[in-house]
Amino acid sequence: MQRGALLDAARTLLSEGGTEALTFPALAERTGLARSSVYEYFRSRAAVVEELCAVDFPVWAAEVEAAMESAETPEAKVEAYVRRQLALVGDRRHRAVVAISAGELDAGAREKIRAAHGGLIAMIVEALAALGHAQPRLAAMLLQGVVDAAVRRIELGAAEDPEEITEAAVAMALKGVRG
């Protein structure tokens, strides 16, 4: 129960202030625990982020997969893949996944998260193969690069509206640079 409360507090802190806001004193304050009690559950901030990713990433990936499964054509699956990921940017669970890029995780944690991310990329390979890509896995990784760039743009509060960023990412995914 305390672990769940700590994870929920971590999501809130990440959502409100990014990785800088995720501190053990802040977690203790949010949950009403002593700071020493927080250390009983997690050895570091990286451990908190790692557990959030382990808990939240599968839920996030399942939402992307469900959106793709409801699409009928390979093009619609690609569009669903991009749109669903970008729709999740504002979700508190997504903050934990974005926190990965802060570089605070040890090599083992980064490897676990890379493997989970690889599962997300694997979801789109079949649709890209159906579209005729000679190297669908490579195409999937490049497509995820487009999604990741759009995520960063939305996260930064870019000049463009998030919907404009989403539409541009979908156009890039489906039409390339021709627009």
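The values are calculated or read from the model by the stated rules, or taken from the named source; none is laboratory data. Source: prediction; values computed, not measured. Ideal geometry is used to build each Cβ from the backbone, glycine not excepted, and the neighbour counts take in all protein chains shown. For the accessible areas, the whole protein counts, side chains as well, though only heavy atoms, and no ligand, DNA or RNA atoms are used. Shrake-Rupley method; radii C 1.70, N 1.55, O 1.52, S 1.80 Å.
Annotation: Cα Rg of segment 30-86 relative to the compact-globule expectation 2.2 N^0.38 Å equals 1.72.
Over all distinct Cα-Cα pairs of the chain, the Kirkwood formula returns a hydrodynamic radius of 17.3 Å. Using alpha carbons only, how many degrees (0 to 90, rounded to 10) separate the axis of helix 107-130 from the longest principal axis of the chain? For helix 107-130, the angle is close to 20 degrees. The calculated 222 nm mean residue ellipticity attributable to helices in the chain amounts to -24500 deg cm²/dmol, summing -39500 (n - 2.57) over DSSP H runs of n ≥ 4 and dividing by all residues. Per atom type, the chain shows carbon and sulfur on 54% of its accessible surface, probed at 1.4 Å. Sites count as exposed loop sites when they are GluC sites (Glu not before Pro), lie in a DSSP loop, and have at most 16 other Cβ atoms within 10 angstrom; the longest stretch of the chain without one is 73-159.
Quick check on segment 107-171: take the gyration tensor over C-alpha atoms, sort the square-rooted eigenvalues as a ≥ b ≥ c, and tell me if it's rounded (a/c under 1.5), prolate or oblate. Oblate, since a/c reaches 1.5 and b/c is not below a/b. Spin-label model, R3/E111: points 7 Å from Cα along the beta carbon direction are separated by 2.2 nm. Measuring only protein heavy atoms, the 1.4 Å probe finds S70 accessible over about 90 Å².
Mean sequence separation of contacting Cα pairs (under 8 Å, at least six apart), scaled by the length of the chain, corresponds to a relative contact order of 21 percent. Extent of segment 15-57 along its three principal axes (Cα atoms, max minus min coordinate, largest first): 28, 22, 14 Å.
Contact order for segment 8-85, expressed relative to its length and based on alpha carbon pairs under 8 Å spaced 6+ residues apart, stands at 18 percent.
For the pair segment 1-53 and segment 125-179, the centres of their Cα atoms are 32 angstrom apart.
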